[in-house]
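Comments concern the structure below.
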Amino acid sequence: MSEPASFATRREAGQDAAFETHQAIVIGAGPAGLAAAASLQRERIETVVLEQASIGSSWRNHYDRLHLHIVRWLSGLPGLPIDRREGSWVSREGVIRYLERYARHHDLDIRTGTEVERIIRNDGGWLLRTSQGEMHAR
C-alpha cells in the first residue's frame, strides 16, 4: 500500500482542503502541556490542547497511595497554586483535581479523545493529522 499524499500535495490538489487553523497547538494535557497552554494564552496566543485520553491521564494510572514528594506550595503550575485543602503532600487524586481545576481556571480549549497521528512542517507552520481531522498551527 502506498503512502498517502502529503498534506501540502493534497491541499494543492484541492482534496480535504478544510482543516482547523490555530496559532498554537499543544500535544498532551498533562502538567507540562497545561502549563504551556496557559502560558501561551497569557501571551494572547490562541491555543488548543490535544489529548488522547483525559486531563492528567498519566496520573490516573498511578497507584492509589501515590503522593507528590515535593510540598504543595512548590508544586503548582504557573498562574494557580494548589489549594491548601490538598495538604502539604498532595495525593494522586489531589493532583488530578488540581489539573482539572487548572484547565478550568485558565479556560483552556482541550480536545480529549484526539490522537495525533502525524506532524509535518509546512510553509513556516505545522500540519497535524489527528484522529479528529487535520489541523494547522503556526
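Read-outs: derived from the displayed coordinates by stated rules, not from any lab. Nothing here was measured: the structure is a model prediction, and the numbers come from that model. All Cβ positions, even for glycine, are placed from backbone atoms using ideal geometry, and neighbour counts span all protein chains on display.
Okay, here's what the table says:
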{"read-out": "Other-chain or far-sequence residues with amide H under 5 Å of LEU66's (modelled H)", "value": "ARG92"}
{"read-out": "Percent of beta bridges antiparallel (DSSP, the chain, rounded to nearest 5)", "value": "55"}
{"read-out": "Förster radius 22 Å - calculated FRET efficiency between ARG101 and SER131 (Cβ-Cβ, nearest 0.05)", "value": "0.25"}
{"read-out": "Estimated [θ] at 222 nm from DSSP helical runs (n ≥ 4, -39500 (n - 2.57)) normalised by residues in the chain, nearest 500", "value": "-7500 deg cm²/dmol"}
{"read-out": "Table column - 3J(HN,Hα) (Hz), the stretch 70-80, Karplus curve with 6.51, -1.76, 1.60, x for Gly and Pro", "value": "10, 4, 3, 5, 9, 10, x, 8, x, x, 6"}
{"read-out": "Nearest 10 degrees, 0 to 90: helix 31-42 Cα axis against the chain principal axis", "value": "70"}
{"read-out": "C-alpha long axis of helix 92-105 to longest principal axis of the chain, angle in °", "value": "60"}
